[in-house]
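The values are calculated or read from the model by the stated rules, or taken from the named source; none is laboratory data. Because the structure is predicted, anything quoted here is derived from the model rather than measured. Note: ideal-geometry Cβ built from the backbone for every residue, glycine included; neighbour counts use all protein chains shown.
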Amino acid sequence: MSDRPDRQTILVIGVPGSGKTAEATQITDEMILEDGVDTVYALDTLEQLSVGLEPYIGDLEQQLEILMDDEQRVNSIWRDRGREEGLRARQHDGPLIRTTAEYSEYCELFAAAQKSKKPLLAPPRVIWRCGPLGASYGPAIAEACDQGHTALFMPETRLWYPNFRHEWPINEIPGRPDLTMEHLITMGRAHIRNRHGQRTKIHLVLEAQSFMMLHNYVRNNCEIVICGRLEGGEAFDIVRREFGDGTRELVDRVRKLENHEWIAVRGKMPPVGPYRGGGR
Ligand SMILES: Nc1ncnc2c1ncn2[C@@H]1O[C@H](COP(=O)(O)OP(=O)(O)OP(=O)(O)O)[C@@H](O)[C@H]1O
Ligand SMILES: [Mg+2]
């Protein structure tokens with residue numbers, strides 16, 4: 001476990017349409033290539049990811065075939081025209097999965113296709129489609145913890161961590177009496193045990209339209225905070241009070257940001273893959 005890279009907790013903030021979901025997806029495009037993260041779990045309440053696979057929901061074999069072709073194309077363009085162009089060529093984000101039973105079936109198909117010695121092989125990224133409500137994603141979050149060394153990508157993070165604690169749709173994680181949603185934020189460093197009892201890291205990629213929409217725990221505990229275009233005095237007050245060195249310098253830089261421009265106001269900017277479409 002200790003030979004794995006550090007846990008990453010990343011929060012992306014920007015007004016509607018500033019490009020958060022695209023930027024966060026590009027961050028996960030890099031994460032799926034890193035040793036630390038075996039699988040990115042995207043909780044796709046707004047149905048924004050892998051939209052090209054929607055006709056094949058429920059047909060896991062067809063999805064796998066399309067995704068393997070996509071991967072092959074990425075690899076061949078990477079070889080011929082370089083890493084950046086290769087990553088830009090990716091068309092799909094991962095299989096569209098509705099239940100843990102489907103996930104397990106996909107892992108079985110993926111293992112066979114990759115000629116793995118193990119009966120189940122987790123894909124680099126999986127797109128969970130469990131409907132519009134945060135509460136419906138409990139089993140997916142539990143699976144991410146049971147698997148271990150995963151990243152939870154939660155577009156519209158307020159659906160799980162709204163500002164007021166009593167509004168959180170779930171705190172207990174199904175089948176995991178040792179864990180709560182609060183733990184994922186406050187203690188994920190190396191304390192989360194997978195289904196084999198080994199300590200693993202659960203990484204987080206979170207996003208919101210404003211700081212105020214999220215519970216304090218979230219912005220206080222994320223080690224990397226990335227800002228895009230912000231509006232409103234309160235947002236800039238928070239940047240001045242809680243980030244930077246207390247001078248106006250950081251606020252002035254944030255004020256100048258346009259859509260699709262980002263700076264890390266806490267921590268260091270993580271690797272971000274090239275923009276390849278997406279978002280709404
Ligand atoms: N780096 C980029 N270059 C060009 N266009 C982009 C870039 N990032 C996002 N876009 C475009 O901007 C639009 C908004 O992107 P996105 O959906 O990611 O924004 P958002 O901040 O997540 O919005 P919302 O708060 O409504 O969820 C999309 O149409 C997307 O195609
Ligand atoms: Mg979005």
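Determine whether region 75-94 contains at least one residue that is buried (at least 24 other Cβ atoms within 10 Å of the Cβ) and closer than 27 Å to residue 7 by Cβ. Within region 75-94 (the criterion being buried (at least 24 other Cβ atoms within 10 Å of the Cβ) and closer than 27 Å to residue 7 by Cβ), the answer is yes, since at least one residue qualifies. Being over 17 Å from residue 221 (Cα atoms), in contact (Cβ under 8 Å) with a residue 40 or more places away in the chain, buried (at least 22 other Cβ atoms within 10 Å of the Cβ) and more than 16 Å from ligand 2 (Cβ to nearest atom), is that true of even one residue in region 149-164? Yes, that holds for at least one residue.
Taking the criterion of being closer than 20 Å to residue 153 by Cβ and either free of Cβ contacts under 8 Å to residues at least 12 places away in the same chain or under 14 Å from the mean Cα position of the chain (by Cα) (or both), the residues of region 182-200 that qualify are 183, 184, 185, 187.
The set of residues in region 164-173 being within 20 Å of the chain's Cα centre (by Cα) and part of a loop (DSSP other than H, G, I, E, B) consists of 168, 169, 170, 171. Summed over region 18-37, residues that are modelled with pLDDT of 95 or more and outside any helix (DSSP H, G or I) total 5.
Would you mind stating whether residue 277 is at positive phi and away from ligand 2 (no atom under 16 Å from the Cβ)? No; evaluated as a whole, the condition is false for this residue. Would you say residue 219 is in a helix (DSSP H, G or I), out of contact with any Ser or Thr (no Cβ under 9 Å at 6 or more places or on another chain) and of a type outside the set (Val, Ile, Thr)? Considered against the rule, which asks whether it is in a helix (DSSP H, G or I), out of contact with any Ser or Thr (no Cβ under 9 Å at 6 or more places or on another chain) and of a type outside the set (Val, Ile, Thr), residue 219 comes out as yes. Filtering region 7-37 to residues that are touching a strand residue (DSSP E or B) at 6+ places or on another chain (Cβ under 6 Å), within 14 Å of ligand 2 (Cβ to nearest atom) and polar (S, T, N, Q) leaves only 28.
Look at region 43-56: where a residue is within 17 Å of residue 28 (Cα to Cα) and in contact (Cβ under 8 Å) with a residue 60 or more places away in the chain and a partner is of a type in the set (Lys, Arg) and surrounded by fewer than 20 Cβ atoms within 10 Å (Cβ to Cβ), sitting 6+ places away or on another chain with Cβ atoms under 7 Å, you get 48/280. The residue list 206, 214, 179 contains one member that is more than 14 Å from the chain's Cα centre (by Cα) and within 16 Å of ligand 2 (Cβ to nearest atom), which is 214. When you scan region 225-234, do you find a residue that is in contact with an Asp or Glu (Cβ under 6 Å, 6 or more places away or on another chain) and either away from ligand 2 (no atom under 16 Å from the Cβ) or not charged (D, E, K, R) (or both), even just one? No, every residue in region 225-234 fails to be in contact with an Asp or Glu (Cβ under 6 Å, 6 or more places away or on another chain) and either away from ligand 2 (no atom under 16 Å from the Cβ) or not charged (D, E, K, R) (or both).
Criterion first (away from ligand 2 (no atom under 16 Å from the Cβ), of a type in the set (Gly, Ala, Ser), over 15 Å from the mean Cα position of the chain (by Cα) and farther than 27 Å from residue 274 by Cα) does residue 86 satisfy it? When the stated conditions are applied, residue 86 does not pass them.
Within region 203-226, is there a residue that is within 14 Å of ligand 1 (Cβ to nearest atom) and of a type in the set (Ser, Thr, Tyr)? The answer is yes; a qualifying residue exists.
Of the residues that make up region 124-141, is at least one of a type outside the set (S, T, N, Q), assigned to a loop (DSSP other than H, G, I, E, B), under 20 Å from the mean Cα position of the chain (by Cα) and closer than 19 Å to residue 34 by Cβ?
yes
Filtering region 45-70 to residues that are under 23 Å from the mean Cα position of the chain (by Cα), more than 16 Å from ligand 1 (Cβ to nearest atom) and surrounded by 14 or more Cβ atoms within 10 Å (Cβ to Cβ) leaves 53, 56, 57, 60, 63, 64, 66, 67, 70.
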